[in-house]
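To keep things clear, I will list the structure first and then write my remarks on it.
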């Protein structure tokens, strides 16, 4: 939007779909819903075949996609982007192959649509079944990774949903090229073109209109950093599937196997520090005998450690934690460490500071493990494993659309099942209600 | 609120919890959440026992409840209430027994908390389970039926949830008496008193504060008429479980058994006209031979029938339907009737006008039945049965908190399972992620 546009109120005759974001989103959503009702009638194999064709078309379109990506990367460099942000944006031949392979991987996942959840027969002879059906029209709002355009579209289509995609402005040309290839392959396979629509404007007001489109968009999934997710959660009138923070705890119980605890803590923090399942706070039981060695491993591995007073006494390299450290998702090689007195104390700390994503206990005491599993109220609760396993792929779900820490509909890693709802089918033989 | 209060801005020193609705709801919600975390630790039998005690206390408190109810009924009469509204409000000994029995019926339902949804073992040895857990804190907003105070509280407690109850002002004294009896019995059974709280003010702003309490209240269930549900759906920032309309269709296919079709149509419309599962629109296939007799039954039974041109030709008593008839939930002995040409035409009418609650086909043609079940996208789709079966009790779910037509979390009749979410339990033996 130029400054003139931003400061001049539109005249009534300008209120076309081109510049009224609500009207634009309304038109796209209605087209998407109409396409979805046709998509919903395709069989599982038909949808799978259409996704295979989309993958092929992505490979065939490598030249166009890379040319579009060069425009984005050049513009981003000119705008001063660098490092990780630029890396996320940049495509090459191998990454396009990765995008196409990911679409194929979704194509071969079992079709969730039509799966029976349960069946009951009533004394009056009515037979009730719940079967999975698509949700309808989803909105995906994401940032600079162009692969999301293909990943998210593939998951939505596999589950019979239409989707409105809103990518970051840095990736606008890449997203358009990937979208064009996807839609062309899908259309060849019989998926209506409007089932996968890319919002054609980078106007930020279009995002606001998506968030406000209750009744037109059934669910929104934000994929990106915390500020994006926070804005979506704060403003959306449409249900949102997301997690804001991954403040994951590992509690090393007094009955933990020391070697296992050291291995798990190191992996949970340092395998990859930038993922939402990375440990951010370590809780060491005061009775655990090997705390100094465990923290020493992390410090030696290049991790900055901030501790409470008792933790600081374990190693002189530990700095003092401030109160906000306990509520911080670092996403880098920084860790907060507290010494706690027993399981109740650990659970209280987790209840006060966890973001409800993934929390772990390390212990050889089966009763303590079961108590922790029962009492900690997070989307994922683990015993004797690294929190970095918190991932749809690692859970055997295939690709995930995201990890949810809300309490309704779907929780933890959300894959195809979370992109469906159900309906009740009732088969009778003329029953009337007395 | 008196007129003076309503028109005078509060001075800063007045902004206590007593007159700041957001602060009031915040305080109640925090107390409720704290109570819920203790309630969640009770076993299934402990919760069941506490509900039995609550039922006993309701019976023992009959005198107090009836005395409170007389105050409400007298005030309502003075305010000019009459008929159905006054009847809903009025309690007697039999109705109190009914309320107590309903609480006992919930007590004996299977505990959903802790139920395993599924279990998988990964190649690396991690064992994953999904188990049902309480949602947290629910809000129930209802109108003049005082029995909801006990019904809704019992369902919430059975599923381990805390609840904020906001009843209608007509029933304020009755609700307080019922609430006091419930809480006293529950507390004797070890359920924290704050697990079931009645909003202590009838200020309408308290409802607004509940609807805005995202992050404090996990889900709101409105129980009442369309204007209440519409307001809740329009204003809530908290997820809402509800249905606005029950515009239920019965499609009599050309291959319907005539006697069965007549019986089902009559029951679907006239058994009880005021429930959400009552038929509001009848679609008669142009090839169905017995349409005149079927509509004649309904007319003879006292039903007003409004039809399109072809339907009007069936019986001279049928008046002309207006376009809005197809989108109207009458909830009385009025029916709209259209003649349609085949299943696709019927499905199109349903897609355009159904509220997504319950839609029915009557047919002896199995292929047509399966096509209808597959294509109609309503919460409940029936073959050869009366739509009046759309009810949690009839579905074998025990008591229901309501029927939902939204697409996420729970759909159709919502009972205990819909008042839970799940978490992932992961049991390992020291696995770290490669």
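General observations
- Note on residue A:92 and residue A:344: the model spin-label points, each 7 Å out from Cα along the C-beta direction, lie 5.7 nm apart.
- Sum of -39500 (n - 2.57) over DSSP H runs of 4+, divided by residues of chain A (222 nm, nearest 500): -12500 deg cm²/dmol
- The label-point distance for residue A:116 and residue A:297, in a model that sets each label 7 Å from Cα toward Cβ, rounds to 4.8 nm.
- The convex hull built on the alpha-carbon positions of the range B:152-286 has an orientation-averaged projected area of 11.5 nm².
- By DSSP, the beta bridges lying fully in the range A:20-235 are antiparallel in about 25 percent of cases.
- R0 of 41 Å, Cβ-Cβ distance residue B:105-residue A:310: FRET efficiency to nearest 0.05: 0.20
- Taking the inverse of the mean 1/r over every pair of distinct Cα atoms in the range A:20-235 gives a Kirkwood hydrodynamic radius of 18.0 Å.
- Separation between Cα centres of the range B:337-397 and the range B:231-293, rounded to whole Å: 8 Å
- Sorting A:63-70, A:182-189 by their mean Cβ neighbour count within 10 Å, with the most densely packed peptide first, gives A:182-189, A:63-70.
- Exam field: residue A:64 pseudo-label spacings to other copies (7 Å along Cα-Cβ), nanometres: 7.5
- Note on residue A:237 and residue B:202: their simple-model spin labels are 3.1 nm apart, each label 7 Å out from Cα toward Cβ.
- Summarised as an ellipsoid, the range B:144-202 has semi-axes of 19, 11, 10 Å, derived from the eigenvalues of the Cα gyration tensor scaled by 5 and square-rooted, with the largest first.
- Taking every residue in B:416-424 and counting other chain Cβ atoms within 10 Å of its Cβ, the average works out to 4.
- Globularity ratio of the protein assembly as shown, using Cα Rg and 2.2 N^0.38 Å: 1.01
- Residue exposure proxy: B:250, B:273, A:363, ordered by other Cβ atoms within 10 angstrom of their Cβ from fewest to most, comes out as B:273, A:363, B:250.
- For the range A:52-67 and the range B:113-166, distance of Cα centres in Å: 46 Å
- Antiparallel DSSP beta bridges within chain A, percent to nearest 5: 30 percent
- Scaled to the globular estimate 2.2 N^0.38 Å, the Cα spread of chain A, given as radius of gyration, is 1.11.
- From least to most packed, judged by other beta carbons within 10 angstrom and beginning with the fewest, B:116, A:263, B:269 follow the order B:116, A:263, B:269.
- Relative contact order for chain B, counting Cα pairs under 8 Å that sit 6 or more residues apart, in percent: 17 percent
- Theoretical FRET efficiency, 1/(1+(r/R0)^6), r = Cβ-Cβ of residue A:74 and residue A:227, R0 22 Å, to 0.05: 0.30
- A Cα-only calculation for the range B:382-434 places Rg and Dmax at 18.0, 57 Å.
- Crossing angle, helix A:172-188 versus chain A [Cα axis fit, 0-90 degrees, rounded to tens]: 60 degrees
- Label-point spacing at residue B:121 relative to the other copies reads 3.4 nm, in ascending order, each point sitting 7 Å out from Cα along Cα→Cβ.
- Backbone N under 15 Å from the residue A:364 label point (7 Å along Cα→Cβ), restricted to the range A:221-256: A:253-256
- Mean sequence separation of contacting Cα pairs (under 8 Å, at least six apart), scaled by the length of the range B:139-249, corresponds to a relative contact order of 28 percent.
- Residue of chain B with the smallest Cβ distance to the axis mapping B onto A, distance rounded to whole Å: B:409, 2.
- Folded to 0 to 90 degrees: helix B:93-107 orientation relative to chain B principal axis, Cα: 80 degrees
- Sequence of B:90, A:281 once ranked by neighbouring C-beta atoms within 10 Å, starting from the fewest: B:90, A:281
- Computed over the range A:293-347, Kirkwood Rh from alpha-carbon pairs, angstrom: 11.6 Å
- The range B:248-389, Cα convex hull volume normalised per residue, Å³: 86 Å³
- Each 10 Å bin, from zero up to the one with the longest distance, holds this percent of the alpha carbon pairs of the range B:66-173: 13, 32, 25, 15, 8, 5, 2, 0.
- C-alpha long axis of helix B:21-39 to longest principal axis of chain B, angle in °: 80 degrees
- Between this copy and the others, label points of residue A:95 are 6.8 nm apart in ascending order, each placed 7 angstrom from Cα in the Cβ direction.
Read the figures in this text as sums done on the coordinates, not as results from a lab. This structure is a prediction, so every number in the text was calculated from the model and none was measured. No Cβ is skipped: glycine too gets one built from the backbone with ideal geometry, and neighbour counts run over all protein chains shown.
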